[in-house]
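The values are calculated or read from the model by the stated rules, or taken from the named source; none is laboratory data. Because the structure is a prediction, the values reported are computed rather than measured. Cβ atoms come from the backbone with ideal geometry, glycine included; neighbour counts cover every protein chain shown. Keep in mind that these areas ignore ligands, DNA and RNA; they rest on the heavy atoms of the full protein, side chains included. Shrake-Rupley method; radii C 1.70, N 1.55, O 1.52, S 1.80 Å.
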Amino acid sequence: MSDVEDFEFVFLGGGKGGKSLAIELAKAGHRVAVIERGMIGGSCINVACIPTKALIRSARVANVANEAAAYGVHVERAQVDMPAVRDRVGRVVQGLVDINLAGFKAAGFDLILGTGRFTGPRTLEVKLNDGGVRMLRGDRVYINTGTHADVPQVPGLRESSPLTHVEALQLTEVPTHLVVIGGGYIGLEMAQSFRRLGSKVTVLQREARVAIREDSDVSQLIAESFANEGIDIQTNAKISSVSGTSGQSVKVLLEGGRCVHGSHILVATGRVPNTADIGLEVAGVEVDQRGIVKVDDVLQTTAAGVYAIGEVAGTPMFTHASFDDFRVLSSQLKGGSKSTRGRQIPYAMFIEPELGRIGMNEAEAEQKGVKVRIAKLSMTSVPRARTNTDTRGFMKLLVAVDSDQILGFTMLGSEAGEIVSTVQIAMLGKLPYTVLRDAPLAHPTIAEGLNLLCAVVPARGA
Ligand SMILES: Cc1cc2nc3c(=O)[nH]c(=O)nc-3n(C[C@H](O)[C@H](O)[C@H](O)COP(=O)(O)OP(=O)(O)OC[C@H]3O[C@@H](n4cnc5c(N)ncnc54)[C@H](O)[C@@H]3O)c2cc1C
């Protein structure tokens, strides 16, 4: 048994929030260790946000080339060189891994490459990647182990060696026919990317519509846009069995007798927290029935001195949310009072038309019994969308009935992921919607649409 090394702060997993706190603490002179089993910088950089958005960019370039004639520019049809696409994605990833590693070194924490698990309260064993074991104890321990793709227990699915986002990013050929299981954010981004890179694509969505957490007008427009690109979306698609091998030939049998054949299968049906086999029970850290670490609103677990960060703690599944966990923990360490209570996390889905969202949508307002005024503006009314010949989508604003407070914003349209920040800032500043209505916003920009959107908010009592 190795000797136990004492640290002030130990991080199990180097996700966004954890690595940020580790850097801050190490720079302040504390003794800090980060245990990371291999992804320098966490999953966002290595296998999630960054490589998927780089892939999406390549796919958009192919799409722009294929649609160029509509803009009066004639080019030959895009020829996709998939190994070159993969290499480009890899270079983007490597660039950020290098920056992270340099940042870790400059901060001066002990980066321990290996797989960690608790062996007792605030005590961990690390099986080092290059052999050997280290034992660590922290005055405070942070769990930031993230999640992994769920591959459901469907007969034949696991045996078919399906792709997840991880393997899909390594493909060196364009799948002839990609069958995507799951019509959520990851499934939809992947489906549109591979369609644009040249695959035939079928999306199998268990629910009655895609993007089920969004309002039905969002789902409907996504379905229409995808159909226009030749993506086959099959809803209410409950899978009975899968046969064959992804990469060669697969057959997916659906309840009711429908059958889909494809060359590759990609699973995007949800995420499983990385909490199995890390010894949480001996550390006194409780999890809920989904395996998510139970935390309070300052991310304290059920074990004294142990905290959890990011997706493993049930934080919304976004990098900026994990980073906000860092802010909460940093604030607590400095005697501040920031918590996760009441925070609103915006997000984007990087399909076209793009989705941007903050706060309540119509469905949630109805569910919570919150009365709202709703303004909706078609992107056809936004001059910049017209100059771009990209008028798909809409902006939708929810405003309180008894005040001019903005309660939520949903946008499906170009630059939605950028525009949502403008509304978010207004919400954070508790600005009445009339400020957005009456501000001179630059013309012609997509953001200018907010002027027009706010002008159609129904008057109070109307
Ligand atoms: C395909 C895809 C696309 C996404 N796109 C976006 C996007 O566009 N925008 C966005 O905001 N979010 C996106 N996300 C979500 C985002 O990636 C995560 O929310 C974000 O990375 C935060 O994760 P985290 O801090 O919880 O942990 P992670 O970043 O997942 O880090 C966990 C780390 O712990 C390590 N680890 C796990 N177990 C152990 C162990 N026992 N020992 C040692 N190390 C361990 C892992 O190797 C990993 O590096 C996407 C996710 C996926 C899957």
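Observations
- Neighbourhood net charge (11 Å Cβ-Cβ; Lys/Arg +1, Asp/Glu -1) for Ala375: +4
- Magnitude of the charge dipole, region 58-104, Cβ model with Lys/Arg +1 and Asp/Glu -1, debye to 20: 60 debye
- The 3J(HN,Hα) values that the Karplus relation (6.51, -1.76, 1.60; θ = phi - 60°) gives for region 141-147 are, in residue order, 10, 10, 9, 9, 8, x, 9 Hz. Gly and Pro appear as x.
- Its convex hull of Cα atoms gives region 1-137 a direction-averaged projected area, equal to a quarter of the hull surface, of 10.8 nm².
- According to the Cα-based calculation, Rg over Rh for region 372-435 is 1.00, with Rh computed by the Kirkwood formula.
- Table column - 3J(HN,Hα) (Hz), region 182-198, Karplus curve with 6.51, -1.76, 1.60, x for Gly and Pro: x, x, x, 4, 5, x, 5, 4, 5, 4, 5, 4, 5, 4, 5, 7, x
- Rounded to 5, the percent of DSSP beta bridges in the chain classed as antiparallel: 60 percent
- For the chain: relative contact order, % (alpha-carbon pairs under 8 angstrom, 6 or more apart): 13 percent
- In region 58-207, the portion of solvent-accessible area held by carbon and sulfur atoms comes to 52 percent [1.4 Å probe, whole percent, DNA, RNA and ligands not counted].
- Centre separation in Å (Cα based) which lies between region 341-371 and region 83-131: 33 Å
- Restricted to Cα atoms, region 70-198 shows a radius of gyration and a Dmax of 21.0, 67 angstrom.
- Shape index of region 252-327: Rg/Rh, with Rg the Cα radius of gyration and Rh the Kirkwood radius from the inverse mean 1/r over Cα pairs, equals 1.19.
- Taking amide H as placed 1.01 Å from N in the peptide plane, Glu5 has its amide H under 5 Å from the amide H of Met135, Leu136, Arg137, each at least 5 places away in sequence or on another chain.
- Whole-number accessible area per residue in Å² for region 1-108, which is evaluated in the context of all protein chains at 1.4 Å: 51 Å²
- Kirkwood hydrodynamic radius of region 158-269, from inverse mean 1/r over distinct Cα pairs, in Å: 13.8 Å
- Unsatisfied cross-links (Cα-Cα over 26 Å) in the set Lys294/Lys334; Lys200/Lys396; Lys53/Lys368; Lys53/Lys238; Lys16/Lys396: Lys200/Lys396; Lys53/Lys368; Lys53/Lys238; Lys16/Lys396
- Rh (Kirkwood; distinct C-alpha pairs) - region 337-462, Å: 14.7 Å
- Set the Cα radius of gyration of the chain against 2.2 N^0.38 Å, with N its number of residues, and you get 1.05.
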